[in-house]
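Here's the structure, in structure tokens; my notes come after.
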Amino acid sequence: MLEPNYLQNVGDDLEKLYQELATEILVDIAERIKMNQDAMTSTTEYLNNKLKQLGLQQDWINKRLAEILHTSEEEVDRIMQQSAYKSIRDTFDRLEAGGYDTSGLEFSDQIKKGTSALWGDIQNLTRTTAQLASDTFMRYYDMAYLQVSSGAYSLDQATANTIDKLCREGLTKVSYPSGAQRSIEAAVRLAVRTAVNQNALACEKSVIEELDINRVQTSAHMGARPSHAAWQGKVFWVNYPEGNYENFYEATGYGTGAGLGGWNCRHSFTAYFPGISEDYNKPVNPKENDRIYQMEQKQRSYERNMRKWDRERRVKAAAGLDTTKEDYWYKYNKMRLKELVDASKGRLKRDYSAEKIGGTKGRPYKPVRRPKRRVSSSPSYSSLGEIDPKKYGDPENLNTTKTIFTDERAMHIKERHPDIYELVVKHAKDILEDPDATYQEVGRENTVWAVKQIDSESGKSVQMVIKLSQGSEATEKNNSIITAYTINAKRFITKEKKGKIKLLYKKEN
């Protein structure tokens with residue numbers, strides 16, 4: 001079974017990704033309100049500009065979400081595979097010590113099922129984020145206009161009031177059927193932790209059923225919520241009454257949201273063998289457990305406060321507003337957190353990645369800086385080269401073989417993928433005209449991926465995404481580069497198996 005500390009931290013990088021996204025959205029809204037405050041002096045100009053800015057915001061957020069989903073899919077697959085096999089490996093060690101033959105046990109179908117379910121949840125949350133972003137933008141843009149039109153506030157006062165409220169309330173929260181509401185990053189964390197534990201427990205359950213095992217032991221950890229502390233670390237019967245043990249399902253609530261393996265739960269269970277399993281869980285003193293539980297709740301509270309003030313100062317800074325208050329309260333909570341951890345005498349550990357928005361453990365936060373929003377009717381570009389239609393699926397309705405690389409798209413790659421920008425600029429023509437392979441996105445026939453290894457020393461390969469100009473209704477009469485980034489070979493294998501891409505061309509060695 002999975003250790004509580006593992007479940008506490010699983011999916012941290014994925015949660016940070018969505019923390020960063022939510023902050024970027026708030027920064028984006030603050031920038032739009034600040035840049036367009038002059039358009040709020042007349043109703044007509046306000047309405048026209050609101051629709052224009054909403055369209056620009058949706059274009060930006062859709063592109064950003066596409067990048068997030070690209071990273072998230074690989075991370076979901078990695079997390080589910082790693083967690084399931086970690087749980088199974090530990091279980092097999094105990095089973096084999098207990099004299100059981102594990103050679104015929106297989107879990108690939110369950111892992112695929114669990115991975116698919118979590119990926120569906122992440123996709124739904126990502127789509128929800130796009131709607132939350134639009135709703136939040138319109139609400140606060142309207143708020144600023146109403147304050148100006150009332151005559152009670154100047155443009156600068158209305159802008160400052162609106163952005164201050166935006167900082168306090170943040171992005172509209174995700175709502176659940178139960179009536180609960182969570183931030184997007186909290187919803188992602190809950191989805192990942194719950195899915196990982198439930199998937200591992202489903203594998204454990206299949207082992208118990210397959211080998212006709214009747215007794216199981218639950219895990220135990222200091223700081224468990226009181227309702228779970230009552231049954232943690234104990235042995236139960238599963239299929240039929242045995243000895244003085246209690247019914248596993250009735251005692252732990254396994255299979256329910258509030259029980260073992262439910263919402264945000266870090267407990268697990270595994271087969272129990274007398275003489276082998278006793279040392280797995282050390283007894284937990286109830287009073288000490290309650291004390292640590294309260295301390296951990298305080299630690300989480302200080303961490304949430306630090307992230308809150310960190311986000312607010314970034315949003316205000318984006319609008320050019322004073323951040324003295326936000327800086328003060330961030331430092332205050334940091335001081336109180338340090339005092340709490342020091343007083344715990346080693347029971348609590350600082351998690352520095354939980355104290356700021358964005359970034360991952362061991363990697364500092366790097367905000368995504370978007371190009372200035374100056375829309376040009378005729379964006380500048382350079383002619384990149386000519387594609388060979390045979391290497392790009394030989395489309396019958398291709399308008400031209402000429403391909404361009406706009407300055408805006410080059411800036412996009414520089415801002416989003418700075419580590420490969422120089423390589424892409426230097427080798428873009430070679431990637432376009434002499435790719436190692438090309439792929440087409442199923443359902444997006446005008447989008448082709450050109451893949452080429454361009455750094456022989458590191459083996460680094462680059463995927464360049466190209467929009468083909470096809471048919472009489474094409475808005476662009478030239479093929480154009482959309483973006484470029486390094487690739488993961490596993491990603492292509494996964495997408496090919498799922499039918500999301502198809503190979504168009506592969507260079508012969």
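In terms of the Cα gyration tensor, with a ≥ b ≥ c the square roots of its eigenvalues, is the stretch 136-259 rounded because a/c is under 1.5, prolate because a/b exceeds b/c, or oblate? The shape class here is prolate. Distance cut-off 28 Å, Cα to Cα: go down the list Lys452/Lys500; Lys52/Lys331; Lys467/Lys507; Lys52/Lys402 and report the pairs above it. Long pairs (Cα-Cα over 28 Å): Lys52/Lys331; Lys52/Lys402. When both the stretch 196-225 and the stretch 313-334 are represented by their alpha-carbon centers, they are found 45 Å apart. The charge dipole of the chain, taken about the Cα centre with unit charges on the Cβ atoms of Lys, Arg (+1) and Asp, Glu (-1), comes to about 1500 debye, rounded to the nearest 20. Rolling a 1.4 Å probe over the protein heavy atoms gives the chain an accessible area of 50 Å² per residue. Can you tell me the 0 to 90 degree angle between the C-alpha axis of helix 421-433 and the longest principal axis of the chain, rounded to 10? Tilt of helix 421-433: around 70 degrees. In sequence order, the stretch 335-347 has phi-based couplings of 5, 5, 5, 4, 4, 5, 5, 4, 6, 6, 6, x, 6 Hz under the Karplus curve 6.51 cos²θ - 1.76 cosθ + 1.60, θ = phi - 60°, and Gly or Pro positions carry x. Protection proxy ranking for 154-167, 23-36, using the average of other Cβ atoms within 10 Å per residue and placing the highest first: 23-36, 154-167.
Excluding same-chain neighbours fewer than eight residues apart, the lysines reachable from Lys345 by a Cα-Cα span under 16 Å are Lys298. Taking only DSSP H segments of four or more residues, each worth -39500 (n - 2.57), what value at 222 nm results for the chain once the sum is divided by all its residues, to the nearest 500 deg cm²/dmol? Mean residue ellipticity at 222 nm (helix-derived): -18000 deg cm²/dmol.
For the stretch 1-139, build the charge dipole from Cβ charges (+1 Lys, Arg; -1 Asp, Glu) around the Cα centre, then report which of Gln110, Gln58, Pro4 sits farthest towards its positive end. Comparing the listed Cα positions along the dipole, Gln58 ranks first.
Here the accessible area of the chain is 48 percent carbon and sulfur, with a 1.4 angstrom probe and all protein chains present.
Sequence-ordered 3J(HN,Hα) estimates for the stretch 322-331 from the Karplus curve with 6.51, -1.76 and 1.60 and θ = phi - 60° stand at 5, 10, 4, 4, 5, 4, 4, 5, 4, 5 Hz, glycine and proline given as x. Computed from backbone phi, the HN-Hα couplings of the stretch 164-176 come to 4, 5, 4, 4, 5, 8, x, 5, 3, 7, 6, 9, 10 Hz, rounded to whole numbers (Karplus: 6.51 cos²θ - 1.76 cosθ + 1.60, θ = phi - 60°; Gly and Pro given as x).
So how tilted is helix 286-318 from the main axis of the chain? Cα-based, degrees 0 to 90, rounded to 10. Taking the Cα atoms of the chain, the angle to 286-318 is about 0 degrees. Ranked by the mean number of other Cβ atoms within 10 Å of their residues, highest first, the peptides 387-394, 198-205 come out as 198-205, 387-394. Straight-line reach from Lys334: which aspartates and glutamates fall under 19 Å, measuring Cα to Cα and dropping same-chain residues less than 8 apart? Of all the aspartates and glutamates, those that pass the test against Lys334 - Cα under 19 Å, at least 8 places apart if same chain - are Glu296, Glu303, Asp310, Glu312, Glu326, Asp342, Asp351, Glu355.
If R0 is 25 Å, what FRET efficiency do you get for Ile493 and Glu445 from their C-beta distance, rounded to 0.05? Here the calculated transfer efficiency is 0.70.
The values are calculated or read from the model by the stated rules, or taken from the named source; none is laboratory data. The model shown is predicted, which means the values in this text are computed figures rather than measured ones. Note that we place each Cβ from the backbone using ideal geometry, even for glycine, and neighbour counts take in every protein chain shown. Surface areas here come from the heavy atoms of the whole protein model, side chains and all, with no ligands, DNA or RNA. Shrake-Rupley method; radii C 1.70, N 1.55, O 1.52, S 1.80 Å.
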